[in-house]
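Here is the structure we will look at.
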Amino acid sequence: MAAACGAIALTGCTAVQHRRAADQEVYKIVRQAEQAVFGQTNAFTIDTPYSSRQPGEILPSELIEDRLQTNRRMLTLEQALDLAVQNSRRYQTEKEKLYLTALSLTGDRYEFSPQFFAGSVGTINNRANSADNTHLATDLGVSQFLKTGGRLSVALANDILHYYTGQPRREVFSLISVNLTQPLLRGFGNNDPTVELLKQSERNVIYGIRDYSYFQDQFALEVVNEYFNLLEQKDVIRNRYTNYLGRVQSTRRLDARKDRDKASDVDQARQAELSARNNYVDAVASYRNSLDQFKI
């Protein structure tokens, strides 16, 4: 049982370490691409307030309560932009798309990193009335695929022979081999599918950076437009409410002068008052709908 728990704990630590290593490599690629395209870089991360917690620890009630908060907040334009960047699902989706694009590049680059290999084969020959012969062959080396379409490999091979006689002896033979293969025709290896796949992945990161930057500009513009649209609607509400109050006063004055004014004038004034009231109510409803959409 203890061994099983240890294995599970080790597996969990390894998964966390792999995730952190992947994050560091991806963020580095994004920073380098931003520096190459725009001459500057910004902080990029796909982490959310829940990223450091296990999914099983996040209860549905916690998410619901977070959505149902009703405390009023006075937001400046800068605060609204910051709040939108931190909580917008659409913004988070675009960040994760860029992350996956850069993550694909790390997989393609891995093909061009040093690949270590090792192996061993052992045999034992036992014959009657003869010496025992034990043979152990080991192979250790590294190979790397080159961006020119070639491959370089270095290997160390050992043959160890044990002879069991009256006086044990041991002989070790080592062989180091270096192999380099490089296509000379067909563009000196430039048309190799693996090389082309790496180049395309690097281009995809640049395209992803540009698309993400364009999305950021459009997203910020949408937030700014909606923010000022809300301020504009609040002014409309004030104007329509002021107009409604003026219509109320006009109706009252005309109603107080029935003996000198026509009844039709009073009816028209009352109709204008009701129309102004409806316009005011419609403006309030439109503002609240826009406010709810802005919160989303």
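The values are calculated or read from the model by the stated rules, or taken from the named source; none is laboratory data. Keep in mind that this is a model prediction, so the values were computed, not measured. All Cβ positions, even for glycine, are placed from backbone atoms using ideal geometry, and neighbour counts span all protein chains on display.
Could you list, in sequence order, the residues of the range 62-75 that are at pLDDT 70 or above, loosely packed, with under 10 Cβ neighbours inside 10 Å and over 26 Å from the mean Cα position of the chain (by Cα)?
ARG72, ARG73, MET74
Filter the range 50-105 down to residues that are part of a helix (DSSP H, G or I) and of a type in the set (Gly, Ala, Ser), then give me how many there are. Give the steps one after another, and end with the answer.
To start, the set of residues in the range 50-105 that are part of a helix (DSSP H, G or I) comprises 55-57, 60-67, 77-87, 89-105.
Still in the list and also of a type in the set (Gly, Ala, Ser): 56, 61, 80, 84, 102, 104.
So the answer is 6.
Right, LEU231: surrounded by fewer than 12 Cβ atoms within 10 Å (Cβ to Cβ), at pLDDT below 95 and closer than 21 Å to ALA84 by Cβ or not? It would help to see each step written out before you state the result.
Working: surrounded by fewer than 12 Cβ atoms within 10 Å (Cβ to Cβ): yes; at pLDDT below 95: yes; closer than 21 Å to ALA84 by Cβ: yes.
For LEU231, the condition - surrounded by fewer than 12 Cβ atoms within 10 Å (Cβ to Cβ), at pLDDT below 95 and closer than 21 Å to ALA84 by Cβ - is met.
Residue-by-condition table, conditions (1) assigned to a strand (DSSP E or B); (2) at pLDDT 70 or above; (3) out of contact with any Pro (no Cβ under 6 Å at 6 or more places or on another chain):
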residue	(1), (2), (3)
ALA155	yes, yes, yes
ASP159	yes, no, yes
LEU175	yes, no, yes
LYS199	no, yes, yes
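Filter the range 17-61 down to residues that are polar (S, T, N, Q) and within 17 Å of the chain's Cα centre (by Cα), then give me how many there are. Lay out the reasoning, then the answer.
At the first step, the residues of the range 17-61 found to be polar (S, T, N, Q) are 17, 24, 32, 35, 40-42, 45, 48, 51-52, 54, 61.
Cutting the leftovers down to within 17 Å of the chain's Cα centre (by Cα) gives us 24, 32, 41-42, 45, 48, 51-52.
Qualifying residue count for the region: 8.
Find the residue count for the range 238-278, including only residues that are touching a helix residue (DSSP H, G or I) at 6+ places or on another chain (Cβ under 6 Å), closer than 24 Å to PHE294 by Cα and surrounded by fewer than 16 Cβ atoms within 10 Å (Cβ to Cβ).
Result for the range 238-278: 0.
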